[in-house]
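Let me begin by presenting the structure, written as structure tokens, before commenting on it.
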Amino acid sequence: GGGRYAKLLSLYGSPTVVPACGFGFGDCVIMELLQEKGLLPHLEPEVDFVVCPFNAEMRLHAVQVAATLRAAGYAVDVLLANKRADKAFSYADRVSGRRMVFVAPDEWDKGSVRVKDLRLERSEEEKLADRGIELPVAELVAELSRIGVAPQREERGA
């Protein structure tokens, strides 16, 4: 649809009447058109880390860790809902998270977080046994860099 909107800007404070016209269409129409023409891109999610607090008391710390990672260029998702570990892993898988950062009281009291790689090819038994690695919060970005963990965008050269 579309039409003339001669008095529209006056409604928002313009002291004079400004001639205007416009049109609009919904995003659903664009999606259908792009799909029909074969132009709809297939975009994979790029989540470097899913940060998961152990409980509600750890949420603020989890958000702080996420902010640190984001400032370093990582794509980060934060799971703020209280979830059991299996549900947290399921969520991370759904959003295509590459690694999970657990923010738990025991590690936090020592000044660290636990990081687990979710995309390594291993048996189910090995996956269950792997608790990840403990990294110091104060040096998290430097430690990730030291072990070769870069943001996905850097790995692709974007």
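The values are calculated or read from the model by the stated rules, or taken from the named source; none is laboratory data. Remember, it's a predicted structure, so these values are computed and weren't measured experimentally. Note that we place each Cβ from the backbone using ideal geometry, even for glycine, and neighbour counts take in every protein chain shown. Heavy atoms of the whole protein, side chains included, go into the accessibility calculation; ligands, DNA and RNA do not. Shrake-Rupley method; radii C 1.70, N 1.55, O 1.52, S 1.80 Å.
Tell me whether the chain comes out rounded, prolate or oblate; compute the Cα gyration tensor, take square roots of the eigenvalues as a ≥ b ≥ c, and use a/c under 1.5 as the rounded threshold. Provide the component values of the computation, followed by the final result.
Numbers: a/c = 2.77, a/b = 2.02, b/c = 1.37.
It comes out prolate by the Cα gyration axes.
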Would you please put 6-18, 101-113 in order of how densely packed they are, using the mean number of other Cβ atoms within 10 angstrom per residue and starting with the highest?
101-113, 6-18
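Please report, as a whole percent, how much of the solvent-accessible surface of the chain comes from carbon and sulfur atoms (probe radius 1.4 Å).
Carbon and sulfur together cover 57 percent of it.
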Taking amide H positions as placed in the peptide plane 1.01 Å from N, state which residues far from V51 in sequence (5 or more) or on other chains have amide H under 5 Å from it.
D77, V78, L79, V101
Using the heavy atoms of the protein chains and a 1.4 angstrom probe, tell me the accessible area per residue for the chain in square angstrom.
67
